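The values are calculated or read from the model by the stated rules, or taken from the named source; none is laboratory data. These numbers come from a predicted model, not from an experiment. Backbone-built Cβ (ideal geometry, glycine too); neighbour counts: all protein chains shown. Please note that ligands, DNA and RNA were not included when accessible areas were found on the heavy atoms of the full protein model with its side chains. Shrake-Rupley method; radii C 1.70, N 1.55, O 1.52, S 1.80 Å.
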Amino acid sequence: MNGNIRIGKLFGIPFFINPSWFLVLALVTLTYGNGLATQFPALPPGTPLLLGLLTALLLFASVLLHELAHSAVALRQGIGVQSITLFLFGGLASLEDESKTPAEAFWVAIAGPLASLGLFGVLTLAGITLPLAGPLAAILAVLTYVNLALALFNLIPGLPLDGGNILKAAIWKLTGNPYQGVKVASRVGQAFGWLAIASGLLPLVLYGSFGNIWNLLLGWFLLRNAGQSAQFASLQERLTGLTAADATLANSPVIAAEMSLREFADQQILHHSTWRKFLVTNSEAQLLGEIAIDDLKTVPVEQWSETPVTALVRAIEPATIVVENQPLLDVVKVLETNHLPALPVVQANGALLGLLEKAAVIHLLQRQPHVASA
C-alpha cells in the first residue's frame with residue numbers, strides 16, 4: 001500500500017503508518033525535547049528527550065482522533081473506511097465511497113475539525129482545573145494549542161483539507177453538481193498551495209533563510225492532491241451517463257466451450273491473435289470462465305484433439321463480472337480496486353456481452369467532446 005506499514009486495526013479499520021511519519025516523529029521529539037531541556041534545566045539527563053517523545057506521540061494521537069471522527073460519521077452513513085494512515089502532514093482516512101448528499105458530505109468533512117476543537121476545549125478545561133506544573137503543564141499547553149491549530153488549519157477552504165470538502169459540499173448544494181464542487185475547491189486548494197510555496201521560497205531567495213522550508217513541502221502537497229482531485233472529478237463527470245455496454249469491445253476474445261484445445265489453438269494461435277486470454281461460453285452464451293493460451297502448455301500436444309476447452313477453464317470471481325447497464329464510473333472503480341486490466345460484461349439475462357478493457361474506457365473518453373468548465 002504505497003510503502004505504508006500496517007500496524008493493526010482501530011475499531012475494525014486498518015491502521016497504517018507512512019515511513020515519512022517516523023521523520024516527523026523524530027523531529028518533533030527532538031524539538032520539544034530540546035525545548036523542555038531549556039525551559040526546565042533541572043530535569044535529569046535523557047528525561048527531556050523521553051518527554052519530547054511522549055509529546056510527539058500524544059500529538060499524533062490527536063491527529064488520529066481527528067481522522068477517527070471522519071471515519072465514524074462515514075460509517076454511520078453506510079460508507080466503508082478502507083484505512084487510516086498517518087504520514088508526513090498528519091493523517092488520512094480513506095473512504096470507500098462518497099456521501100450521497102451535500103449535507104452528508106458536510107458532516108463527514110466537519111467531523112474532524114469539530115473533534116479537534118472539542119479536544120482543545122477539554123484540554124483547556126484540564127489546564128485550568130488540574131493542579132499541573134512544570135513539564136507536564138508545558139506538554140498540556142502544547143497539546144491544547146496544537147489541537148486548535150489542527151482544527152483551524154484544516155478549515156482552510158481548499159482541497160484536500162477538510163475546509164475544501166466543506167466548500168465542495170456547499171457548491172454541490174448550490175449547483176446540484178458534486179463535480180463542480182470538487183473543481184472549485186481544488187482550485188482554491190491549488191491557490192493556497194502556491195501561496196505556501198511562495199512563503200517558503202521568498203525568505204530563501206531574499207535572505208537565504210530555510211526557516212519556512214516546511215511551507216514548500218506543504219505547498220507541494222496541496223498542489224499535488226488538489227490537482228489530482230480536480231482531474232478525478234473531471235473524469236467522473238465525463239463518465240456520468242455512460243454504462244459498461246458503451247465501452248465493451250465489439251470483437252471480444254470469446255470462444256465456445258464445445259471447442260477442443262486443437263481447434264482453439266488452430267483458430268487463435270495460427271491466426272496470430274494478439275489476445276492471451278479468452279472468455280469461454282456455453283451453447284446458451286452463458287459465461288463459464290476464462291482460458292489462457294499459456295495454459296495449453298499443461299496438456300501434451302497429442303492430447304489436444306481429445307481435450308475440451310472446458311478442461312482448462314478457470315472460474316472468474318463473481319465480484320469482477322459487471323452487468324451491461326452498470327454505470328461506467330462504478331466499473332472503473334471495480335477495475336482500480338481489483339487492479340485488473342479488463343472485466344467481462346454480461347447482459348441482464350446472464351448472457352455474455354463481451355470484454356471491457358481499461359484501455360477501451362480511455363479511448364471512449366478520447367472520442368467524447370470535452371467541454372471545459374467555466
>> Assuming 0.36 nm per residue, please report the length gained on full extension of the stretch THR47 to GLU284 beyond their Cα-Cα distance.
In response: 77.7 nm
> Which order do HIS363, HIS339 take when ranked by solvent-accessible area (1.4 Å probe, heavy atoms of all protein chains), largest first?
Replying inline: HIS339, HIS363
>> How long are the semi-axes of the equivalent ellipsoid of segment 1-41, defined as square roots of 5 times the Cα gyration tensor eigenvalues? Whole Å, largest first.
In response: 31, 13, 5
> Using the reciprocal of the averaged 1/r over all distinct C-alpha pairs, how large is the Kirkwood radius of the chain in Å?
Replying inline: 24.8
> Once both labels are modelled 7 Å past Cα along the beta-carbon direction, what's the GLN77-ALA126 spacing in nm?
Replying inline: 3.0
> When only C-alpha pairs under 8 Å and at least 6 residues apart count, what is the relative contact order of the chain, in percent?
Replying inline: 10
> Tell me, what is the Rg over Rh of segment 51-178, with Rh the Kirkwood radius over Cα pairs?
Replying inline: 1.04
> Which of the peptides 316-322, 47-53 is most tightly packed, and how do the rest follow, going by the mean number of other Cβ atoms within 10 Å of each residue?
Replying inline: 47-53, 316-322
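Return one whole number: the accessible area per residue of segment 186-277 in Å², for a 1.4 Å probe. Could you put the intermediate results ahead of the total?
Working: 5360 Å² over 92 residues.
About 58 Å² of surface per residue is accessible.
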> Taking amide hydrogens as modeled 1.01 Å from N in the peptide plane, which residues meet the under 5 Å criterion relative to PHE16, leaving out close sequence neighbours?
Replying inline: ILE7, ILE84, THR85, LEU86
>> Under 5 Å between amide hydrogens, which residues at least 5 positions from GLY289 or on another chain qualify, with H placed 1.01 Å from N in the peptide plane?
In response: VAL280
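GluC sites (Glu not before Pro) within segment 277-350: which are DSSP loop residues with at most 12 other Cβ atoms inside 10 Å?
On the way: sites: GLU284, GLU290, GLU302, GLU306, GLU324, GLU336; in loops: GLU284, GLU324.
For GluC sites (Glu not before Pro) across segment 277-350 that sit outside H, G, I, E and B with at most 12 neighbouring Cβ atoms in 10 Å, the list reads GLU284.
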> What whole-number value in Å² describes the accessible area per residue of segment 47-90 for a 1.4 Å probe?
Replying inline: 39
> How big is the Kirkwood radius of segment 148-213, worked out from every pair of different alpha carbons and given in Å to one decimal?
Replying inline: 12.8
> Amide H to amide H, which residues 5 or more places from LEU353 or on other chains are under 5 Å from it, using H placed in the peptide plane?
Replying inline: VAL345, VAL346, GLN347
>> Along the charge dipole of the chain, pointing to its positive end and built from +1/-1 on Cβ of Lys, Arg, Asp and Glu, which listed residue (ALA138, LEU343, THR101) has its Cα farthest out?
In response: ALA138
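Just how large is the dipole of the chain about the Cα centre, in debye to the nearest 20, putting +1 at every Lys and Arg Cβ and -1 at every Asp and Glu Cβ?
1360
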> Which chymotrypsin sites (Phe, Trp or Tyr not before Pro) from segment 123-215 combine a DSSP loop assignment with at most 12 other Cβ atoms within 10 Å?
Replying inline: PHE210
>> Using each residue's phi in segment 103-115, evaluate 6.51 cos²θ - 1.76 cosθ + 1.60 at θ = phi - 60° and report the 3J(HN,Hα) Karplus result to the nearest Hz, with x for Gly and Pro.
In response: 4, 5, 4, 4, 5, 5, 5, 7, 4, x, x, 5, 5
> Where the accessible area of the chain is counted over protein heavy atoms with a 1.4 Å probe, how much of it, in %, is carbon and sulfur?
Replying inline: 64
> How long is segment 208-342 along each principal axis, judged by its Cα atoms, biggest number first, in Å?
Replying inline: 78, 38, 26
> What relative contact order, as a whole-number percentage, does segment 106-198 give when Cα pairs under 8 Å and 6 or more residues apart are counted?
Replying inline: 26
>> Only bridges whose two residues both fall in the chain count here: according to DSSP, what percent of them are antiparallel, nearest 5?
In response: 75
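If you take every residue apart from THR310 with its C-beta less than 15 Å away from the C-beta of THR310, what net charge results, scoring Lys and Arg +1 and Asp and Glu -1? Intermediate results must be reported in sequence, preceding the final value.
Values: positive: ARG262, ARG314; negative: GLU258, GLU263, GLU284, GLU290, ASP295, GLU306.
That works out to -4.
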